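Structure, as structure tokens:
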Amino acid sequence: MPAPNAAPSKVSRASLDELARTCSQVRRDILRMVHAVQSGHPGGSLGCTEFMVALYFKVLRHDPKAWNMDGVGQDLFFLSNGHISPVWYSVLARSGHFPVKELATFRRLDSRLQGHPTTHEGLPGVRMASGSLGQGLSVAIGAALAKRLNGDTHLVYSLHGDGELQEGQVWEAAMSAAAHKVDNLIATVDWNGRQIDGDVDQVMPLGDLPAKWRSFGWDVLEMNGNDMADVLRGLEEARSRTGQGRPVVILMRTEMGQGVDFMTGSHHWHGVAPNDAQLDRALAQLPETLGDY
Amino acid sequence: MNPYPKLDEKDTRSGFGAGLLEAGQRDPRVVALCADLTGSLKMDAFAKAFPDRFLQVGIAEANMMGIAAGLTIGGRVPFTGTFANFSTGRVYDQIRQSIAYAGKNVKICASHAGLTLGEDGATHQILEDIGMMRMLPGMTVVVPADFNQTRQATLAIAVHEGPVYLRFGRPKWPVFIPADMPFEIGKAQVLVPGTDVSIFACGHLVWRALEAAEALLREGIRAEVINVHTIKPLDTAAVLSSVERTGCAVTCEEHNRHGGLGDAIAQVLACHRPAPQEYVAVNDRFGESGTPDQLLRKYGLDTPDIVAAVRRVRARR
Ligand SMILES: Cc1ncc(C[n+]2csc(CCOP(=O)(O)OP(=O)(O)O)c2C)c(N)n1
Ligand SMILES: [Mg+2]
């Protein structure tokens, strides 16, 4: 297991190229999984690909082969916006948590890859059920407090949708993390400006989001979630700000549907599966780099 | 033979959408609220026709229930729309205190109920909502059987005074209730008269019960099929008069066997006319991803399961 706080601060060109190749394959996985069962959520999954790849292939100090529920001595990750399960399942498989071929069972009967992530079926990598929005930050705070009680210096990461922030529980959680000085937690918001019914600004505007988090006592960072170099920089900076008595949030600008030209620019692809022709057009934009499942 | 031919296939949530639009046209007091699921709940037509009477609240169901309760003070008739899980479990105390206990005229309209929402899986497949809602004093609980009946039920609850939970679903499902068949809250419907067993069903499983009755007839068993579209207040007289003749009951619901239609019927039978009963319901488990048909089969809610339950219950008579 790597030593704590041993992440590389400078990333080589070769390393960025390799991560880009991984992103291309993960995006193919997402599209093929959703297409195969004609259900699931490609939009947010595609938008969060760089973040999830950076986290699982560069940032998390963890051992996928030795994954266990308690994760003592490991960094933890919680997906609060559980509908983007396709991107999570793909990076979990591609980082060695379970066989890549199992991606073919996504959303099918008797699968460990449920529509929304669950612990029920025992899929390695998943420590909490999610899907009903707004609950993940509380859970991440609890896990971070457990780490503190256990004298475990590893970190807890979480991801949340921006529409999801409309849930009141998120702000109850935000308040409590600051009050309890949960400074071993890095929450990230997928700030894509979209949700099911339209743009977040039309559905229920979030107002001045950085100011809101700051006023709740959080250390606030911003990054471009679709620029791998900036994602690595942002995550590195966030990590450097842990242990200072405040929880850290990264407001991550992304584009819903990133990587497939016709899936960007609106909320349309939040939860729509591509048909055969659309899948072909999409895959043509994404080289197969690591072999399709 | 099944006297109710399949007229069409439509989702019950579209019946809600159609009924809501009509209710809005008939009564200017009707307002609708939605929590970022306008398309899924088929509320777009209402939102378009009555933009001033439609409130988008974002992904904030607890707030939606509170606002709906407040809208009744001043005479509005609010309809809330979201998935069944987020309509009940998510907001139980808001419903309990601000709607049920306070006696407010809110219509809680819930789509994607039960297993048949399919691939989204267990986080979304609530199987406990009928139980939770029927435990609330003063709450009316309606679970219509098809598109036509969901439309009728939506219109009926609009003119009914008091809090209502209206439960419907996502998939396309057989339409078989004639559009002009009378619908009255609290009045169960004997769809097929019979003498050998009473099959009580609600929601999507009414169609399955009709299929089962047809199969049973081929074995010479004449099943009475009763559509219990209102689970609370339960039509006690209809339950008793049927079981008086048949001597046994099978209950069919897309819900946990704890707390739902089956328990409501069992309570009536235990108190008034003890009789053997078998449950066709989810056996105290969470659901999972799959197609609606696969899930009904795996969780024992399919037509052959009803037939088997009838054989079991008759053997116990
Ligand atoms: C409590 C709850 N309410 C409603 C939903 C239905 N739902 C699933 S995703 C979604 C929109 C989420 O928006 P956002 O968090 O911005 O995610 P994005 O669309 O950007 O992926 C909604 C309303 C849900 N899953 N949970
Ligand atoms: Mg969003």
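The values are calculated or read from the model by the stated rules, or taken from the named source; none is laboratory data. Not measured: the values here are computed from a predicted model. Cβ sites come from the backbone with ideal geometry, for glycine too, and all protein chains shown count toward neighbours. Accessible surface is based on the protein model in full, side chains and every heavy atom, while ligands, DNA and RNA are left aside. Shrake-Rupley method; radii C 1.70, N 1.55, O 1.52, S 1.80 Å.
In the stretch A:231-243, the residues that are on the phi > 0 side of the Ramachandran plot reach residues that are of a type outside the set (A, V, I, L, M, F, W, C) with C-beta atoms within less than 9 angstrom, at least six apart or across chains, in these pairs: A:243/A:153; A:243/A:183; A:243/A:184. Each residue in the stretch B:193-237 was checked for being in a strand (DSSP E or B) and within 16 Å of residue B:261 (Cα to Cα), and 10 pass.
If you go through the stretch B:11-58 and keep only what is more than 14 Å from chain A (Cβ to nearest Cβ) and basic (Lys, Arg), you end up with B:13, B:26, B:29, B:53.
Looking at the structure I just gave you, is residue A:82 open to solvent by less than 40 Å² (accessible area, probe 1.4 Å) and more than 29 Å from residue B:116 (Cβ to Cβ)? So residue A:82 fails the test.
Note on the stretch A:190-203: among residues that are open to solvent by less than 20 Å² (accessible area, probe 1.4 Å) and more than 9 Å from ligand 2 (Cβ to nearest atom), the one that is nearest to the other protein chains (Cβ to nearest Cβ) is A:203.
From the list B:114, B:75, which residue is more than 14 Å from every other protein chain (Cβ to nearest Cβ) and crowded, with 24+ Cβ neighbours inside 10 Å?
Selected residue: B:114, the only one of B:114, B:75 that is more than 14 Å from every other protein chain (Cβ to nearest Cβ) and crowded, with 24+ Cβ neighbours inside 10 Å.
Within the stretch A:171-185, not a single residue is modelled with pLDDT of 95 or more, within 16 Å of ligand 2 (Cβ to nearest atom) and within 14 Å of chain B (Cβ to nearest Cβ).
Among the residues of the stretch B:9-23, are any farther than 30 Å from residue B:190 by Cα, open to solvent by less than 10 Å² (accessible area, probe 1.4 Å) and more than 18 Å from the chain's Cα centre (by Cα)?
The answer is no; no qualifying residue exists.
Would you check which residues across the stretch A:109-139 are of a type in the set (A, V, I, L, M, F, W, C) and in a loop (DSSP other than H, G, I, E, B) and list them? A:109, A:113, A:123, A:126, A:128, A:129, A:133, listed by residue number.
Annotation: residue B:172 fulfils all but one of (1) over 14 Å from the mean Cα position of the chain (by Cα); (2) open to solvent by less than 10 Å² (accessible area, probe 1.4 Å); the unmet one is (2). In the stretch A:1-66, counting only helices (runs of 4 or more DSSP H) that sit wholly within it, the ones holding 2 or more residues that are at pLDDT below 95 span A:13-37. Checked against the criterion of being among the aliphatic types (A, V, I, L, M), within 14 Å of another protein chain (Cβ to nearest Cβ) and open to solvent by less than 10 Å² (accessible area, probe 1.4 Å), the stretch A:142-152 contains not a single residue that satisfies it.
With the structure loaded, tell me whether residue B:38 is within 16 Å of ligand 1 (Cβ to nearest atom), of a type in the set (S, T, N, Q) and either without any contact (Cβ under 8 Å) to a residue 12 or more places away in the chain or open to solvent by 10 Å² or more (accessible area, probe 1.4 Å) (or both) or whether it fails that test. In short, yes.
Condition check ((1) closer than 25 Å to residue A:173 by Cα; (2) within 16 Å of ligand 2 (Cβ to nearest atom); (3) modelled with pLDDT of 95 or more; (4) of a type in the set (Val, Ile, Thr)) across all residues:
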{"position": "A:89", "(1), (2), (3), (4)": "no, no, yes, no"}
{"position": "A:102", "(1), (2), (3), (4)": "no, no, yes, no"}
{"position": "A:106", "(1), (2), (3), (4)": "no, no, yes, no"}
{"position": "A:112", "(1), (2), (3), (4)": "no, no, yes, no"}
{"position": "A:117", "(1), (2), (3), (4)": "yes, no, yes, no"}
{"position": "A:120", "(1), (2), (3), (4)": "yes, no, no, no"}
{"position": "A:123", "(1), (2), (3), (4)": "no, no, yes, no"}
{"position": "A:126", "(1), (2), (3), (4)": "yes, no, yes, yes"}
{"position": "A:133", "(1), (2), (3), (4)": "yes, yes, yes, no"}
